[in-house]
Amino acid sequence: MEQDFMVEPDLKFIRDMKKAGGDSLKKCFQCATCSVVCKLTPDDSPFPRKEMIWAQWGQKEKLMSDPDVWLCHQCNDCTTNCPRGAKPGDVLAAIRNEAFTHYAFPSFIGKMLSRPAYLPIIMAVPVIILLAVVGLFGEWEVPVGEIIYANFYPELAIDATFLSFLFFALISLGVGLNRFWKAMVERHGQAGLMGAPVPNLLAALPTIFAHSKFRTCDEGKERYYGHLGVFYGFVGAFAASALVMVGYWGFGIHTPYPTISLVKLIGNLGGAAIVIGALIVLVKRFSYTKGSTGYNDWVLIALVLGLGVTGLATQFVRLADMRGIAYPTYLIHLVFVAYLFLYLPFSKMAHIAYRTVGMTFARQAQRDLLVSDEVALEAKTAVVK
Ligand code: SF4
Ligand code: SF4
């Protein structure tokens, strides 16, 4: 008996995708060149060809619960080889951007972060909060004597402010990731799932920490160094901040630390790695003309560069005793840090968490089993036996 299949396109989703950087998706004529050249796709039901047609047809729910979208590392081998200029690498990036907004909690913040028109409000919120804290606990007058940032924004207030932001971000991110995971399980079903989430997560982590998938592609090899620099730069910056916090609460040590100290060394190396990594990504973006850079990408690059540059600058202007600009520079740096923490679940920064969860599920669903992936192959062999 002949069966009819009805496709109900989500037209708003198609419009949103186009605004989020997927404006070329309608050009695709399903030749599958992209799936052939992609080195990261599984042989069975490969991406990104199928995602291109789902995007053209406005199949939002399918795409939002598709772990394959997170196996793509936007190397753009597919975009370079696409005969129609449909930019599948950009379309998959736009789908990932849509996912943050789709699963965001509270959802209105996700929507605001994805629209340039709301940027002034988005920026104003951390500025107002930080200025209010300075008004309540800090010192409006430029403090006399040695430049000590804690005299302007006390250490206790720093910890209270940013731990509150972090707490909010973790709750919000947890809700979003939980929604994402449930959607993938619901769509995929239990059949074929291999093992439990935690072992699959642990098995996926070495790939994530080594950034090895970035190295697999041809077109975007330089991005491997850029992403690696930014990733481990943030690890260094967070480690230095955590050490300062432990020093303050555990041993009563106040900032500033001596220039020659372990904390400063870790922090400065982290800051330098962030700036160099972001510059590599930026140069690659400008030099690659076949793809495009969307709003979320520009915001992320600006945020990462802003964090790194102002972080290093706060120290430089303090050591150079540039009193007039030291405290404003420090305040600008705090605004960047506040933006990072407060909007982590809604900005492109969240892709680290979503990619980790997507890769974990892909492993569990036996989608992320490439020939080079020995750990996964061993696990698969063990299941087959
Ligand atoms: S995106 Fe390009 S390469 Fe891929 S199927 Fe469509 S037209 Fe072919
Ligand atoms: S951007 Fe790279 S990883 Fe992503 S689908 Fe295209 S070829 Fe594959």
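The values are calculated or read from the model by the stated rules, or taken from the named source; none is laboratory data. All figures in this text were calculated on a predicted structure; none of them were measured in a lab. Quick reminder, even Gly has a Cβ in these numbers, built from the backbone with ideal geometry, and neighbours come from all protein chains shown.
Summary table
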| quantity | calculated |
| --- | --- |
| Single condition Gln74 does not satisfy, out of (1) of a type outside the set (Ser, Thr, Tyr); (2) more than 27 Å from Gln366 (Cα to Cα); (3) assigned to a loop (DSSP other than H, G, I, E, B); (4) at pLDDT below 95 | (2) |
| Enumeration of residues in the stretch 184-204 that are of a type in the set (A, V, I, L, M), assigned to a helix (DSSP H, G or I), touching a residue at least 12 places away in the same chain (Cβ under 8 Å) and surrounded by fewer than 18 Cβ atoms within 10 Å (Cβ to Cβ) | Val185, Leu201 |
| Hits in the stretch 8-60 - residues which are part of a loop (DSSP other than H, G, I, E, B), more than 24 Å from the chain's Cα centre (by Cα) and near ligand 1 (Cβ under 9 Å from one of its atoms) | Cys28, Phe29, Gln30, Cys31, Ala32 |
| One residue from Leu319, Leu331, Leu342 being in contact (Cβ under 8 Å) with a residue 60 or more places away in the chain and either outside the structural domain of Ala150 (by TED's automatic domain parsing) or surrounded by 22 or more Cβ atoms within 10 Å (Cβ to Cβ) (or both) | Leu342 |
| Residue match in the stretch 58-67 (condition: out of contact with any His (no Cβ under 7 Å at 6 or more places or on another chain) and on the phi > 0 side of the Ramachandran plot) | yes |
| Qualifying residue in the stretch 150-165 (condition: within 19 Å of Ala242 (Cα to Cα), outside any helix (DSSP H, G or I) and assigned by TED's automatic domain parsing to the domain that holds Phe341) | yes |
| Residue within the stretch 80-96 that is away from ligand 1 (no atom under 16 Å from the Cβ) and under 22 Å from the mean Cα position of the chain (by Cα) present | yes |
